[in-house]
Every structure is written in C-alpha cells, then in structure tokens.
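Coordinate-derived values only; no laboratory data. This is a predicted model, so every value here is computed, not measured. Glycine gets a Cβ as well: all are built from the backbone with ideal geometry, and neighbour counts include every protein chain shown.
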Amino acid sequence: MPGPDFLDTNILIYAYDASSPDKQRVAQELVTRAVAGECVVSAQVLAEFAATLLHKISPAPAPQDVITILDALGPVPFIKPDGDLVRRAVEAHAAYDLHFYDGLIVAAAERAGSEKIWSEDLNAGQIYFGVAVMNPFL
C-alpha cells in the first residue's frame, strides 16, 4: 500500500496566500487532504512555512495568528529530522545535484513511504529515490 503524499513548503504557503486564488484553491485542497491524514510534511516544511509567514509575507501576520495556523495543521502527520535523514539528504545532493534542503524534502518523503511530492519548486516529473515530483499547479 502506498504511503501518504508529501507536501512541500510552497503548497502550505499558497494555501494561505490569497494573491493567487487559483493556486490557493488547489493548495487548500491538498492541505485539507493533509489534515485528514492523507498527506505528510516534515518539521523542515513547517519551519520554512512559519518563517515565510513571519518574514516574507506582506503584511506579515501576527505571531499569534501564525501559531493558530500551525495549531490548525496539528493533525497533519510529520516526519522528524534525525541523523539518518540528514545523511540521506547528502546522498540526494550527491545523486541528483539537489540543494541540501531540497534533499531533506526528498529524504523525508522517502522515509514517509510517499510515492509523490507535491511541489512547485522541484522538477515536476523527476523521480528521486523512487518518489515522483508532481506540480499541482500545471
């Protein structure tokens, strides 16, 4: 049985960014699936998402609003980092010439048993360690 799909950071960002309504609708559908336990994220994705909301969105939401959003994402299963995940990210970097942090995404998705990574940033159609990248906005 295939594992849950993996959501990259940009999916969460688009779900809360009203500047692109079409992307927001698609991203919200994926986040709804994630809250239902059908998709996973990593601690890195949650951290990048929070940092983007606090520092790159204008106007930035108040920290309490970010906490409320993170609490709403609480039911989403997430992959915790450890030494083996970091090692696998380095292997992804070596095998696919990925940036280290993209390698962490791939390593976390692989650990979750995911067959798909939903991402706008990684190369759609590329397969990393058996995990295919899908761009939901194409």
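Under a 5 Å amide H cut-off, with hydrogens placed 1.01 Å from N, Ile79 pairs with Val41, Ser42, Ala43 among residues at least 5 apart or on other chains.
If the segment from Gln126 to Ala47 were pulled out straight at 0.36 nm per residue, it would be longer than the present Cα-Cα gap by 26.0 nm.
Helical runs assigned H by DSSP (4 residues or longer) give the chain a calculated mean residue ellipticity at 222 nm of -16000 deg cm²/dmol, each run adding -39500 (n - 2.57) before division by the residue total.
Cα axis of helix 43-55 to longest principal axis of the chain: angle in degrees, 0 to 90, nearest 10? Roughly 40 degrees between the two axes.
The angle between the Cα long axis of helix 21-35 and the longest principal axis of the Cα atoms of the chain comes to about 70 degrees, rounded to the nearest 10. Mean-square fluctuation check for the chain, GNM, Cα pairs under 10 Å: which of Val40, Val106, Val90 is largest? Per the Cα network of the chain with a 10 Å cutoff, Val90 tops the list.
All other residues whose Cβ lies under 12 angstrom from that of Lys56 are scored, Lys and Arg at +1 and Asp and Glu at -1, for a net of -2. Comparing mean-square fluctuations of Ala92, Ala62, Ala51 from a GNM of the chain with C-alpha springs under 10 Å, the top value falls on Ala62.
Quick one: divide the alpha-carbon radius of gyration of the chain by 2.2 N^0.38 Å and tell me what you get. It would help to have the intermediate numbers written out before the result.
Details: Rg = 14.4 Å, N = 138, 2.2 N^0.38 = 14.3 Å.
Here the answer is 1.00, to two decimals.
Quick one: dipole size for the chain, taken about the Cα centre, charges +1 on Lys/Arg Cβ and -1 on Asp/Glu Cβ, in debye to the nearest 20.
In debye, rounded to 20, the chain gives about 100.
Using mean Cβ contacts within 10 Å as the protection proxy, how do 122-128, 16-22 order, highest first? Don't skip to the end; give the middle numbers.
Working: 122-128: 15.9, 16-22: 11.3.
By packing density, highest mean first, the sequence is 122-128, 16-22.
Compared with the dominant Cα axis of the chain, that is its longest principal axis, helix 63-72 is turned about 60°.
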